[in-house]
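The values are calculated or read from the model by the stated rules, or taken from the named source; none is laboratory data. This is a predicted model, so every value here is computed, not measured. In this analysis, Cβ positions are derived from the backbone assuming ideal geometry, glycine residues included, and neighbour counts consider all displayed protein chains. For accessibility, only protein heavy atoms count, side chains too; no ligands or nucleic acids. Shrake-Rupley method; radii C 1.70, N 1.55, O 1.52, S 1.80 Å.
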Amino acid sequence: MDIKNMTKKLWLGCMSIFLSTGAFAQNAVEGTTYYLPKTALNYTLLIERVTTQPGELSMYAGRFLKKDDVVSKATTAYRILKIQMTSVGVADTAKRFTPKIDAKHSINSMKVDENSGILLAVNAEAKRMEKPAPFIAAPKPLPLNPRDYMSQEILAAGSSAKMAELIAQEIYDIRESKSQLNKGQADFMPKDGEQMRIMLNNLNTQEAALLQMFEGVTEKDTVETTITFVPSKAVDKQVLFRFSKKFGLVDADDLSGEPYYISIEDLHKQVENTAIDTSEKKSKDDAGIYANLPGKIKATLYRSEKQIAEYEVYAAQFGITAPMDNELFSKKLLTSLVYDPTTGHVETISTEMIKK
């Protein structure tokens with residue numbers, strides 16, 4: 001047998017021994033490489049779009065209904081109903097670590113987010129995070145077709161002016177009927193309150209459908225949009241987004257939109273944790289378990305020059321990152337850590353002696 005084949009067989013033999021022994025400790029750890037997070041700011045905007053289509057007979061609204069404020073051409077308008085900020089953690093690729101899984105360290109399990117790779121817990125169950133409920137728009141009412149509520153005489157009108165006159169007269173008749181019902185003077189009064197409600201609802205529906213011929217149709221849609229900003233340093237009124245009443249959310253460099261600015265102030269206040277080794281000297285027996293000591297920042301949102309919102313949050317990238325005390329993962333102690341996935345800070349820590 002030549003030397004090359006002998007070396008190959010010896011290597012395969014060693015691998016089979018490793019897989020039949022040491023692999024069990026490795027399998028007990030759910031992900032041996034992880035990231036610590038940096039903190040992103042999510043600004044969620046609730047935006048309403050109002051679209052108005054003019055009525056077929058809008059030019060006659062003033063003449064027959066004394067209405068001079070109806071639209072004569074299609075319009076679309078946007079407005080922001082609500083702005084809300086939440087902080088979330090995103091993987092910081094500069095903070096990638098691998099723990100030591102061996103007989104010298106009591107690291108039995110690790111919980112890592114399956115999507116981002118962010119460390120959630122060591123020797124413990126991860127903190128349960130409640131996700132914000134997704135926005136669900138209210139159901140739209142079924143559209144009305146005005147012609148479903150027109151008499152044969154109206155439908156047979158020979159000109160738009162004649163049709164407008166007849167429809168306007170029908171609208172006035174409907175309003176008179178509603179007035180008589182409310183006064184108790186109608187020829188056919190309902191027997192009870194429920195029947196009264198049904199009759200008034202039917203008359204209101206007929207009036208609304210016929211008015212569409214003059215006033216047009218207005219539709220409202222509400223959508224939710226999230227803008228993510230990851231601060232890296234203090235900034236003073238940086239453009240976060242622009243918003244136009246005509247076009248809605250536009251690019252940050254689109255001058256058709258009004259600017260919304262963000263300012264970030266470093267408050268120079270860090271979370272404290274005595275279990276984290278902040279000394280500059282790195283231990284030779286580094287277990288590879290790190291945590292963030294996030295710093296506090298103030299995020300202020302402006303609409304042009306007017307301040308509209310202010311938040312104080314902890315952000316991982318405005319603090320420091322350091323290893324956990326190696327004694328916590330010695331053969332004598334079993335330490336459980338639960339992390340905040342937004343900042344990478346250790347929220348809870350517990351230890352117990354390992355019985356021999």
Considering only segment 109-118, I want to know if a residue exists there that is over 30 Å from Val223 (Cα atoms), hydroxyl-bearing (Ser, Thr, Tyr) and open to solvent by 100 Å² or more (accessible area, probe 1.4 Å). no
State which residue is farthest from Asn292 (Cα to Cα) when the search covers only segment 335-356 and only residues that are in contact (Cβ under 8 Å) with a residue 24 or more places away in the chain and touching a helix residue (DSSP H, G or I) at 6+ places or on another chain (Cβ under 9 Å). Thr335
Result of the Cβ filter at 9 Å on segment 213-225, keeping first residues that are closer than 25 Å to Phe241 by Cβ and in contact (Cβ under 8 Å) with a residue 12 or more places away in the chain and partners that are of a type in the set (Asp, Glu) and assigned to a strand (DSSP E or B), at least 6 apart or interchain, is Lys220/Glu48; Asp221/Glu48; Thr222/Glu48; Val223/Glu48
Lys246, sole failed condition from (1) open to solvent by less than 30 Å² (accessible area, probe 1.4 Å); (2) within 40 Å of the chain's Cα centre (by Cα); (3) in contact (Cβ under 8 Å) with a residue 60 or more places away in the chain: (1)
Total residues in segment 168-204, condition touching a residue at least 40 places away in the same chain (Cβ under 8 Å) and open to solvent by less than 50 Å² (accessible area, probe 1.4 Å): 2
Of the residues Ala156, Ala124, which single one is aliphatic (A, V, I, L, M) and crowded, with 18+ Cβ neighbours inside 10 Å? Ala124
When only residues in segment 321-356 that are open to solvent by 70 Å² or more (accessible area, probe 1.4 Å) and in a strand (DSSP E or B) count, which is farthest from Ile297 (Cα to Cα)? Met353
If you scan segment 140-184, which residues turn out to be among the acidic types (Asp, Glu) and closer than 21 Å to Val217 by Cβ? Asp148, Glu170
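Under the condition of being open to solvent by 30 Å² or more (accessible area, probe 1.4 Å) and among the β-branched types (Val, Ile, Thr), which residue from segment 52-75 is nearest to Ala164 (Cα to Cα)?
Let us first name the residues in segment 52-75 that are open to solvent by 30 Å² or more (accessible area, probe 1.4 Å), namely 53-54, 56, 59-60, 63-64, 66-75.
Keeping just the survivors that are among the β-branched types (Val, Ile, Thr) gives 70-71, 75.
Details: Val70: 14, Val71: 16, Thr75: 23 Å.
Among those residues, the one meeting the criterion is Val70.
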